[in-house]
Amino acid sequence: MSTQNTTQLTITRPDDWHLHLRDGAALEAVVADTARQFARAIIMPNLKPPVTTTEQALAYRGRILEALKKAGGNVDAFTPLMTLYLTDNTTSEEIFRAHESGQVYAVKLYPAGATTNSDAGVTDLLGKCTKALEALEKCGMPLLVHGEVTDPSIDLFDREAIFVERVMKPLRRAFPALKVVFEHITTKEGAEYVRDAEGPIAATITPQHMLYNRNAIFQGGVRPHYYCLPVLKRETHRLALVEAATSGSPRFFLGTDSAPHARGLKEHACGCAGCYTALHAMELYATAFDAVGKLDKLEGFASFHGPDFYALPRNTGTLTLVREAYQVPEEVAFGNTTLVPLAAGEALEWRARA
Ligand SMILES: [Zn+2]
C-alpha cells in the first residue's frame with residue numbers, strides 16, 4: 001500500500017532508544033528537543049568520566065530532569081532510561097544493583113577507542129566481561145552494542161561487517177539468551193544478521209543512515225556535519241537499512257544517536273563524530289519512510305518495537321505529523337555557541353506537532 005497521499009499521520013508517542021545528552025550546559029541546551037517528541041529515551045553513558053555505576057546513573061538522571069525543568073520542558077511527560085557503561089571491571093553486583101534500581105535499563109558496550117569518550121571501553125569482551133554478561137542475561141537487561149572492531153588495520157568502512165563475525169557471533173554463541181541491541185547499524189551485513197539470527201536480538205537505525213550515503217560527506221568539499229560513527233556507508237547499505245526499518249520486523253526500531261557537538265568542534269581540523277537530530281528527529285524519519293511509501297510502518301518502528309523488546313509498556317499519548325514544508329534551521333543556540341542540525345538549510349516535507 002502506498003502512503004504518498006497521506007497528509008497527516010497520528011501515531012502512538014514514540015521513544016528514542018539511543019540518545020546522547022552530554023552534561024552541564026550542553027545537556028541544558030538540548031534535552032527539551034528530545035522531550036518535545038519522545039516520551040522516553042535510552043541515555044548513553046559515555047560522559048567524561050563514563051557512567052559506570054548505578055549511583056552515577058541515578059545522579060545523572062537527576063541532572064537530566066533538572067536541566068529539562070530549567071529549559072522549560074515538561075518533566076512529567078519525559079522519562080530518561082539510564083544505562084551503564086561496560087568496562088573490563090564491571091562486576092555482576094553492579095549489574096544487579098542497576099537492575100534493582102528500576103531506573104537503569106541497559107548496559108552499553110563500547111569497544112575501547114570506538115567513538116566519542118570510549119577510552120575506558122572494553123578491551124576483551126569474552127575474556128574480561130563474562131561475569132557481567134551472565135548477570136545481564138540473568139536479569140533480562142539488554143546489552144547495547146557499538147558494533148565496530150577497533151583494529152586500526154581494518155578499513156573504517158568494513159569495521160561493522162567484521163565485528164559481526166569476530167565479536168557478535170561469538171558473543172551470542174556464548175550467551176544465547178542475552179538480549180542484544182546492535183546499535184545504529186549501518187550496513188547490509190548488520191541488517192541481514194539481525195534479521196536472520198536466532199534469539200533475542202534487535203537493532204536501532206538512525207535517521208542519517210536512512211537518508212544519506214557516504215557521498216554526503218564529500219559533496220563539493222568535506223561536510224563535517226554529515227560525519228558520524230559508524231560512518232555513512234555506500235548506497236547499497238543505505239537501501240538495506242531502509243528496507244529493514246520499513247519492513248515491519250519487530251527487530252528494528254528507532255534510535256537517533258543524536259549527538260550534540262558545538263559547531264566549532266565539527267568544523268575543525270579533527271572534527272568530532274556525530275549528527276544532531278533531536279531537534280527534528282520525527283520529521284527526518286517521516287521523510288525517510290515517506291520516500292519509499294511506507295509511512296504505515298513508521299508507528300511500529302518508532303513506538304512499538306522498542307518497548308516490546310525492552311519489555312516495557314507502550315506509550316499512551318500520541319504525536320501527529322503533518323505534510324507541511326519545513327526548512328531545517330542553519331543552526332540553533334547551544335550555550336554560548338551554536339549547533340548545526342542534520343540537513344541544515346534543507347527543506348523537509350513533514351512537521352511534527354506534539
Ligand atoms: Zn551513539
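Within segment 132-147, residues that are within 18 Å of F182 (Cβ to Cβ) have Cβ atoms under 6 Å from residues that are small (G, A, S) and away from the ligand (no atom under 15 Å from the Cβ) in these pairs: E137/A177, counting only partners at least 6 apart in sequence or on another chain. Can you spot a residue in segment 290-297 that is surrounded by 18 or more Cβ atoms within 10 Å (Cβ to Cβ), at pLDDT 95 or above, under 14 Å from the mean Cα position of the chain (by Cα) and among the hydrophobic types (A, V, I, L, M, F, W, C)? No, that holds for no residue. The residue pairs whose first member lies in segment 16-30 and is more than 17 Å from H184 (Cβ to Cβ) and among the aromatic types (F, W, Y), whose second member is within 12 Å of the ligand (Cβ to nearest atom) and not in a helix (DSSP H, G or I), and whose beta carbons are closer than 6 Å, counting only pairs six or more residues apart or on different chains, do not exist in this structure.
List the residue pairs whose Cβ atoms are under 6 Å apart, where the first residue sits in segment 266-282 and is crowded, with 24+ Cβ neighbours inside 10 Å, the second is among the charged types (D, E, K, R) and part of a helix (DSSP H, G or I), and the two are 6 or more positions apart or on different chains. Filtered contacts from segment 266-282: A278/D33. Of all the residues in segment 192-209, those that are part of a helix (DSSP H, G or I) and touching a Leu at 6+ places or on another chain (Cβ under 6 Å) number 3.
Looking only at residues of segment 250-265 that are outside any loop (DSSP other than H, G, I, E, B) and crowded, with 24+ Cβ neighbours inside 10 Å, we find that the one that is farthest from the ligand (Cβ to nearest atom) is F252. Take the residues in segment 204-230 that are within 13 Å of the ligand (Cβ to nearest atom) and farther than 23 Å from W350 by Cβ, then tell me which one is surrounded by the most Cβ atoms within 10 Å (Cβ to Cβ). Going through the qualifying residues, I end up with P230.
Screening T52 with (1) more than 16 Å from the ligand (Cβ to nearest atom); (2) of a type in the set (S, T, Y); (3) within 18 Å of G255 (Cα to Cα) gives one miss only, at (3).
Could you tell me whether segment 111-126 includes any residue that is of a type in the set (A, V, I, L, M, F, W, C), without any contact (Cβ under 8 Å) to a residue 40 or more places away in the chain and more than 28 Å from T337 (Cα to Cα)? Yes; the residues of segment 111-126 include at least one that is of a type in the set (A, V, I, L, M, F, W, C), without any contact (Cβ under 8 Å) to a residue 40 or more places away in the chain and more than 28 Å from T337 (Cα to Cα). Could you please let me know if A59 is away from the ligand (no atom under 16 Å from the Cβ) and within 19 Å of the chain's Cα centre (by Cα)? The answer is no for A59. Within segment 306-318, one or more residues are at pLDDT 95 or above, small (G, A, S) and surrounded by fewer than 15 Cβ atoms within 10 Å (Cβ to Cβ).
Across segment 148-162, which residue is farthest from L19 (Cα to Cα) among those that are touching a residue at least 40 places away in the same chain (Cβ under 8 Å) and within 16 Å of the ligand (Cβ to nearest atom)?
R159
Checked against (1) within 16 Å of the ligand (Cβ to nearest atom); (2) in contact with a strand residue (DSSP E or B) (Cβ under 8 Å, 6 or more places away or on another chain); (3) small (G, A, S), A132 passes all but condition (1).
The values are calculated or read from the model by the stated rules, or taken from the named source; none is laboratory data. Because the structure is predicted, anything quoted here is derived from the model rather than measured. Don't worry about glycine lacking a Cβ; one is built from the backbone with ideal geometry, like all the others, and counts go over all protein chains shown.
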